[in-house]
């Protein structure tokens, strides 16, 4: 290996930067998939006030409780 320590550090920093970019792209893809799922469920067709009220209820109950009640 003809690399110096500085070159190795630079290469590691570049790899970390690329990995962080990949993670960010994955987060964006996951968010887009979640939005599409909400859209397919028809929730994006609700008027804003009604959707906001629904989200407030979900936030106050918590996801687990909402799932429990919907599947009961």
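Assorted remarks:
- With 5 Å bins from 0: P(r) over the stretch 1-41, alpha-carbon pairs, percent: 5, 22, 13, 13, 11, 9, 9, 6, 5, 5, 2, 0
- Ellipsoid semi-axes in whole angstrom, largest first, where each is sqrt(5λ) of the Cα gyration tensor of the chain: 45, 14, 10
- The sum of -39500 (n - 2.57) across all DSSP H runs of n ≥ 4, divided by the residue count of the chain, sets its helix-only mean residue ellipticity at 222 nm to -28000 deg cm²/dmol.
- Simple spin-label estimate for residue 69 and residue 47 gives 2.2 nm between the two label positions (7 Å along the Cα-to-Cβ direction from each Cα).
- Pair residue 3, residue 30: separation of 7 Å Cα→Cβ label points (nm): 2.9 nm
No value in this document is a laboratory result; all are computed from the given coordinates. Please read all numbers here as calculations on a predicted model, not as lab measurements. Every residue, glycine as well, gets a Cβ built from its backbone with ideal geometry; the counts of neighbours run over all protein chains shown.
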